[in-house]
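To start, the structure itself, in structure tokens.
Coordinate-derived values only; no laboratory data. Predicted model, so just to flag it, every value in this text is computed and none were measured. Positions of Cβ are backbone-derived with ideal geometry, glycine not excepted, and every protein chain shown enters the neighbour counts.
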Amino acid sequence: MKFKPETLMGIAFSIAKESKCIKYKVGCVIEKDGSIIATGCNGTPTGSLNCCQVADANKWDMNNPAHRLEHREWSEINEIHAEMNAIMTAKENIQGANVYVSVEPCNHCAKNLVQGGVKSVTYSHSKGAGAEFMKRHGVSVRHITFEDNK
């Protein structure tokens, strides 16, 4: 079955809702040869405290700049990005696959997608700087506006 890009992006946004991060909820879908071979959202390793649990324990308020900084530092140490969760759970090699992610990949994820040999990456929200890196390495990159129907 051939999925439309908007359908796959909608799935990425649905997967993002499963994230337990209090600040950014990111979802990723990897499609190859008409089949979805992986999905992922950002979060902590299985069995670890998740971001929401840590935020509750620390009483983080994301309107407070100091708490946002604490979250960022904690997240950099503890959370796995949606793209990496999808890559690690893929049913098959991602070479030649198409990736749909709700937020532009960061440079670290972009490097892993390039190394994995993906053919294209489509994203909705600009945040990272990974698009230019992927383009320089031959990955077709497309930014589409997608409004999640929450």
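So the values come out like this:
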read-out	value
Sum of -39500 (n - 2.57) over DSSP H runs of 4+, divided by residues of the chain (222 nm, nearest 500)	-11500 deg cm²/dmol
Distance cut-off 22 Å, percentage of C-alpha pairs in the chain lying past it	38
Cysteines without a disulfide-compatible neighbour (Cβ-Cβ under 4.7 Å), the chain	CYS28, CYS41, CYS52, CYS106, CYS109
Fluctuation leader among GLU18, GLU73, GLU104 - the chain, Gaussian network, Cα springs under 10 angstrom	GLU73
Residue-count net charge about ILE94 - beta-carbon cut-off 12 Å; Lys, Arg +1, Asp, Glu -1	-1
Region 22-77 versus region 81-150: alpha-carbon centroid distance in Å	17
26 Å Cα-Cα reach of LYS32 towards lysines, excluding residues that sit fewer than 8 places from it in its own chain	LYS2, LYS4, LYS17, LYS91, LYS111, LYS119, LYS127, LYS135
GNM result for the chain, Cα springs below 10 Å: residue of HIS81, HIS67, HIS108 fluctuating most strongly	HIS67
Acute angle (nearest 10 degrees) that the helix 107-116 long axis makes with the longest principal axis of the chain, alpha-carbon atoms	30
Relative contact order, percent, the chain [alpha-carbon distance under 8 Å, six or more residues apart]	22
